[in-house]
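K.L.:
Mind having a look at this structure? Questions to follow.
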Amino acid sequence: KCAMVSGQLLELDPATGQKLSTLVFASDLETQIRAPFENENISVHIIGFAKMIGDVADGAKDVVLFFAIAIGVTAILVYFFCKSAMLTLLPLLCSVVAVIWQLGLLTLLGFGLDPMSILVPFLVFAIGISHGVQMINSVGKEVVAGSSVRMAAQTAFRTLLIPGGIALLSDTIGFMTLLVIDIGIIRELAITASMGVAVIILTNLVLLPVLMSYLKLGDKYKAKFAGKERRSDKFWDTIASCSSPKVAAVILLVTAILFAFGWSQSLQMKIGDLHAGAPALHADSRYNQDTFLITDKFAISVDYLSVLVETEADSCTSYEVMSAIDSLQWKVSNIPGVQSAVSLASVAKIVNAGYNEGNPKWRVLPRNQQTMVQDISLVPTTSGLLNGNCSVMPIILFMEDHKAETITRVIDAVKQVRQEYETDTLKFQLASGPVGVMAAQNEAVTAAQNPMMAYVFGAVIILCLVSFRSIRATLVVVLPLYVVSVLAQGLMTYLEIGLTVSTLPVIALGVGIGVDYGIYILSIMSVKLKSGMAVRQAYFEALKERGSAVLFTGATLAVGVSTWVFSSLKFQMDMGILLTFMFVVNMMGAIIVLPALAAMFWRKQK
């Protein structure tokens, strides 16, 4: 008896289930099975769930390298931003502490890191750096203005605790909305991400300013920024023109056109995988190449769906039940996308012909019960075609692929055909097998898509209303987020990325993190606007205070997840592309679209 556990093929004691020995690591199948037997006349092709999980486990190990690269690149960017080794080290240290705390909390709660949630530490680190940069930016400006480091740290803590806390709370609640999705792996991702972002409130909004208050930033540090304010004012004044009425009108028009285009593309977005082969791996991976070859050469595949026939005990000897199974199997096996099908009824027909000299005329179901018993007696329960008392007999459909349209077509056809044969004692239940699981996931994703978006934006709207106490300010923050989320869905259509278990959380993650940009900028703007300042001047003051940190935050977040594009796992690459897009474009929305909206909503304030 064998089992696959954590990428290892284990030999188990049949009686106790205890481990006897490790037969082979799934990742070692290449060297232990393929290499010794393959030559110019023999090719070895290894498929199946165990091999795929082994390849996924191997690909997940790349994350350690990507994490190291992200830390190194981020450290370089932070140093160029603050021009201080200690100010570079402290936000990096606090962000790493947040990741460590997150992993410790996961262990205490009994959770682990699967290949999808293993990317969450990237997000936690990147989010921590983004909020840390806001803190060191505020402290640096106060020190250059003449304050002591301790007073600068206190001022930064007071001014950033509320907007930073609201932003992180928005992130946390946005991630928690993923719990509404009835898929275990997404719920674990929601818990993992929520805990990671929650600890950043302590590490980067409380611990970081405390540590910074012990630094000594002397005249050399101030000299590095001499004249920088005057030079940057010209740049910020150019950006602030986005809030002038004429420029704002052009920006809003372009935004509306992009939104309409993205909306039209998002309507064509597919639910499920859009490509053949194991969805977690690239099409050119060895596993998928082996799968394609076997699917082309033989009438089997690793993509199969089982229709469970539930009836009374000992029904496998009933001609009426077996005939219904055989008839339904024939109809569904002719559905486009089904490569072949097998059931106890089809095997019984073959055996019956075998007892009659192989004559194809006898490849039928016998009406005599004793003959039927004789035919099925050679089929053991280990074949998976029946259970111990013949009350469950699956019809196994081998699919050409597991594309979303193929699964939808087959599932819909089976639902329609089974109505002809179901009775009070005979039910055809959907579905088990890998494709059955995918079909259930696709249905769950379809059901959760709109509620998830409603909960995410609902949480962001409520927190913005509580924070700014203004409907106009809330709309200014939320509208760019919604436009970017629609554009991200349009990008998925363009790149042929289906909405799956791995890509569904990306929208919530992108919105939850993207709201940070708008909150940091509008927290300054709203104060200036309430004092009666003109929109352009208020935006200019917000840019002077937070603009450089917001631009740097967008770059940092994008760098943190852009390394996923080089992952050997396709779903990680897809998540990296979409998150990088959302982080960058959300930052652009906060810098360009937000002030344009403010110019429209506060147009009477000159």
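The values are calculated or read from the model by the stated rules, or taken from the named source; none is laboratory data. On a predicted model such as this, the values are computed, not experimentally measured, just so you know. Note that each Cβ is placed from the backbone with ideal geometry, even for glycine, and that neighbours are counted across all protein chains shown. These accessible areas exclude ligands, DNA and RNA; they are computed on the full protein's heavy atoms, side chains included. Shrake-Rupley method; radii C 1.70, N 1.55, O 1.52, S 1.80 Å.
K.L.:
Compute the Kirkwood hydrodynamic radius of segment 325-413, taking the inverse of the mean of 1/r over all pairs of distinct Cα atoms, and give it in Å to one decimal.
P.N.:
Here the Kirkwood hydrodynamic radius works out to 14.2 Å.
K.L.:
Please list 3J(HN,Hα) in residue order for segment 69-75, calculated via the Karplus relation 6.51 cos²θ - 1.76 cosθ + 1.60 where θ = phi - 60°; whole Hz, with x for glycine and proline.
P.N.:
In residue order, the calculated couplings are 5, 4, 5, x, 5, 5, 4 Hz.
K.L.:
So which aspartates and glutamates can K570 reach, going by Cα to Cα under 14 Å and dropping same-chain residues fewer than 8 places off?
P.N.:
D55, D58, D62, D273, D284, E496
K.L.:
Between the alpha-carbon centers of segment 305-321 and segment 381-429, tell me the distance in whole angstrom.
P.N.:
Cα centroid to Cα centroid, the span is 11 Å.
K.L.:
Tilt of helix 548-562 relative to the longest C-alpha principal axis of the chain, in degrees (0 to 90, nearest 10)?
P.N.:
Once rounded, one gets 20 degrees.
K.L.:
Which trypsin sites (Lys or Arg not before Pro) in segment 545-604 sit in a loop by DSSP (not H, G, I, E or B) and have at most 15 other Cβ atoms within 10 Å of their own Cβ?
P.N.:
Filter output for segment 545-604: R603, K604.
K.L.:
Can I ask one more? Give the shape of the chain as rounded, prolate or oblate, defined through the alpha-carbon gyration tensor: a ≥ b ≥ c are the square roots of its eigenvalues, a/c under 1.5 means rounded, and otherwise the shape is prolate if a/b is larger than b/c and oblate if not.
P.N.:
Working: a/c = 2.99, a/b = 2.16, b/c = 1.38.
Prolate, since a/c reaches 1.5 and a/b exceeds b/c.
K.L.:
Here is a further query. Where in segment 128-229 are there chymotrypsin sites (Phe, Trp or Tyr not before Pro) that are in a DSSP coil and have at most 11 other Cβ atoms within 10 angstrom of their Cβ?
P.N.:
Hits after loop and neighbour filter: Y214.
K.L.:
Looking at the square roots a ≥ b ≥ c of the eigenvalues of the Cα gyration tensor of segment 47-119, which shape do they give, rounded for a/c under 1.5, prolate if a/b is larger than b/c, or oblate?
P.N.:
It comes out oblate by the Cα gyration axes.
K.L.:
Next up: Of the cross-linked pairs K216/K530; K234/K528; K61/K83, which ones have a Cα-Cα span greater than 27 Å in the structure shown?
P.N.:
In this structure, K216/K530; K61/K83 exceed 27 Å between Cα atoms.
K.L.:
Whenever you get a sec, line up E142, E310, E405 from highest to lowest accessible area (probe 1.4 Å, protein heavy atoms).
P.N.:
I get E405, E310, E142, largest accessible area first.
K.L.:
Taking the alpha-carbon centroid of each part, what is the distance from segment 234-281 to segment 73-110 in angstrom?
P.N.:
So the two Cα centres are separated by 31 Å.
K.L.:
To check you understand DSSP bridge types, tell me what percent of the beta bridges within the chain (both residues inside) are antiparallel, rounded to 5.
P.N.:
Values: 26 of 27 bridges.
Percentage antiparallel, nearest 5: 95.
K.L.:
For the full complex of protein chains and a 1.4 angstrom probe, list I201, I251, I186 by accessible area with the highest value first.
P.N.:
I201, I251, I186
K.L.:
Further question on the same structure: Round to the nearest 10 and give me the degree value, 0 to 90, for the angle of helix 504-530's Cα axis relative to the longest principal axis of the chain.
P.N.:
The answer is roughly 20 degrees.
K.L.:
Still on this model: Quick check on segment 499-578: take the gyration tensor over C-alpha atoms, sort the square-rooted eigenvalues as a ≥ b ≥ c, and tell me if it's rounded (a/c under 1.5), prolate or oblate.
P.N.:
Prolate, since a/c reaches 1.5 and a/b exceeds b/c.
K.L.:
So, one more: By a straight-distance test (C-alpha under 27 Å), which lysines pair with K349 as possible cross-link partners, with residues fewer than eight away in the same chain excluded?
P.N.:
Candidates past the 8-residue exclusion: K297, K331, K361, K415, K427.
K.L.:
Follow-up. Just to confirm, what accessible area per residue do you get for the chain at 1.4 Å probe, in whole Å²? Can you show the working numbers first?
P.N.:
Values: 27060 Å² over 606 residues.
Value returned for the chain: 45 Å² of accessible area per residue.
K.L.:
Starting from the Cα of V180, move 7 Å in the Cα-to-Cβ direction to define the label point; list residues of segment 425-454 whose amide nitrogen is under 17 Å from there.
P.N.:
443-454, by backbone N distance to the label point.
K.L.:
Hey, another quick one. Ignoring ligands, DNA and RNA, what percent of the accessible area of the chain is carbon or sulfur (1.4 Å)?
P.N.:
Details: 17040 of 27060 Å².
Carbon-and-sulfur percentage of accessible area, whole number: 63.
K.L.:
Taking all protein chains together and a probe of 1.4 Å, list F49, F67 from the most accessible to the least accessible.
P.N.:
F49, F67
K.L.:
For V550, what charge total do you get from the other residues with a beta carbon under 13 Å from its beta carbon, if Lys and Arg give +1 and Asp and Glu give -1?
P.N.:
Here the charged neighbours net out to 0.
K.L.:
Rounded to the nearest 0.05, what FRET efficiency do S323 and A447 give with R0 = 35 Å and r taken as the Cβ-Cβ distance? Could you check?
P.N.:
My answer for the efficiency is 0.45.
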